[in-house]
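Structure first, then comments.
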Amino acid sequence: MKQTKIAIIGAGGLTGKELTKLLFHHPGFELVHVTSNQVNGKHIREVFPDLSHLPDLEFHKHEAPVPKDAGIVLATPNEVSLEKAPEFLKEGRKVIDLSGTFRLHNQSKFEKAYQFTHTNFSLMDQVVFGLPELFREKIKNANFVSNPGCYATSAIFPIALLGNLRKEIQGPVIVDAKSGVSGAGGRTEEIKYAYTNVYENFRAYKILTHQHEPEMEEYGFVGTEEKEIHFTPHLLPIYRGILATIYISFPKGISEAQVKEKFQVAVEKEPFIRLYKTPEEVEIRKVQNTNFLDLGYRIKGNTLVIVSALDNLVKGAAGQALQNLNLMYGYPETEGLVTL
């Protein structure tokens, strides 16, 4: 079986490490090139000593030549993806970008959320948002996929699966989410993510200003009138996992039967969506190191509360990227993800 070659630009970070591990166990992909400006020249097993089975590769600089027939995964900061994605697309490569650079179709919203000028916004005409549960067929034919944010994934699909019921929502939708440090920006050695600041502590951050809020609004309501979302993220004293509680109000209320039908349809056709009988059963520990998105809900009067959980490094990042790679290159969508 001929393998598909993949290069990870920015493989030295947490998401890059996770994807490196997943690709190694995938029979159809071969990791042939990894980059990191921080650990340039070091062997991959030296950087990730806990993954001693990894291939015989050394890290290169981001600017180093990439094997001509390799697909590209950008696990890079936003500004680096802005520069590198157009270069690789011009070379005719398939590209998946894990940064937030090519997610929003409203340029002013993007620049307000991400705080820098987008100089390649014309590429938004080519990009497909990489949430397979919503855009599977488009991803199959795409050359350029923008992987969703981890917080955004935890909210977008639970809202979107309500389908035509979304027309009746009385906004704003409230998303209250908690994440471990690896999903809350702990990719750099900033003191606010250090052990001493998260241990025995719990706090909110980026209240109503988080860059995933407009992403939730755009894709949670795709196909219908966009509603306002108010998003508050919190930092948990754990390493990985996100739990989101989503509050949705309806002016006249909705029935249990209406919501149950929508959720059950999703569960029956989606390999990575799991529905629990009660929202209290949805827990971070049940999704850690998996590509599952777990859901539970309850209705009281005019209010629907949905609780979701996922692993921010897998379904929220590297696992979803592999899901997209499978679709783009014609492998079974669950390949390399169901036996983590």
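The values are calculated or read from the model by the stated rules, or taken from the named source; none is laboratory data. Quantities reported herein were computed from a predicted structural model and do not represent experimental measurements. Positions of Cβ are generated from backbone atoms using ideal geometry, with glycine treated the same way; all protein chains shown enter the neighbour counts. We work out accessible area using only protein heavy atoms, side chains counted, and drop any ligands, DNA or RNA first. Shrake-Rupley method; radii C 1.70, N 1.55, O 1.52, S 1.80 Å.
Here are the numbers for this structure:
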quantity: Angle in degrees between helix 256-269 and the longest Cα principal axis of the chain, rounded to the nearest 10; calculated: 20 degrees
quantity: Top of 75, 204, 177 by mean-square fluctuation, Gaussian network on the chain, Cα under 10 Å; calculated: 204
quantity: Nearest 10 degrees, 0 to 90: helix 14-24 Cα axis against the chain principal axis; calculated: 70 degrees
quantity: Filtered chymotrypsin sites (Phe, Trp or Tyr not before Pro), the stretch 193-258: DSSP coil and at most 11 other beta carbons within 10 Å; calculated: 199, 202
quantity: Residue 136 accessible area, assembled protein chains, probe 1.4 Å, Å²; calculated: 50 Å²
quantity: Helical contribution to [θ] at 222 nm, DSSP H n ≥ 4, -39,500 (n - 2.57), averaged over the chain, rounded to 500; calculated: -8000 deg cm²/dmol
quantity: Relative contact order, percent, the chain [alpha-carbon distance under 8 Å, six or more residues apart]; calculated: 17 percent
quantity: Per-residue SASA entry for residue 328, accessible area with 1.4 Å probe, Å² rounded to 10; calculated: 10 Å²
quantity: Relative contact order for the stretch 234-340, counting Cα pairs under 8 Å that sit 6 or more residues apart, in percent; calculated: 29 percent
quantity: Using θ = phi - 60° and Karplus 6.51 cos²θ - 1.76 cosθ + 1.60, couplings along the stretch 234-246 (whole Hz; Gly, Pro as x); calculated: 10, 9, 8, x, 9, 7, 9, x, 10, 10, 10, 10, 10
quantity: Distant-in-sequence amide H partners of residue 289 (H built 1.01 Å from N, under 5 Å); calculated: none
quantity: For peptides 276-282, 140-146, sequence by mean Cβ density within 10 Å, most packed first; calculated: 140-146, 276-282
quantity: Cα-based radius of gyration of the chain once divided by 2.2 N^0.38 Å, which approximates compact folds; calculated: 0.97
quantity: In the stretch 102-156, GluC sites (Glu not before Pro) in a DSSP loop with at most 15 other beta-carbon atoms within 10 Å; calculated: none
quantity: Overall Cα dimensions of the stretch 1-94, principal axis frame, Å, largest first; calculated: 35, 34, 19
quantity: Gaussian network model of the chain, Cα within-10 Å springs - most flexible of 57, 310, 325; calculated: 57
quantity: Flagged links, alpha-carbon separation over 20 Å, of 17/42; 138/269; 112/227; 178/300; 94/138; calculated: 178/300
quantity: Descending principal axes extents, the stretch 82-232, alpha-carbon based, whole Å; calculated: 49, 42, 26
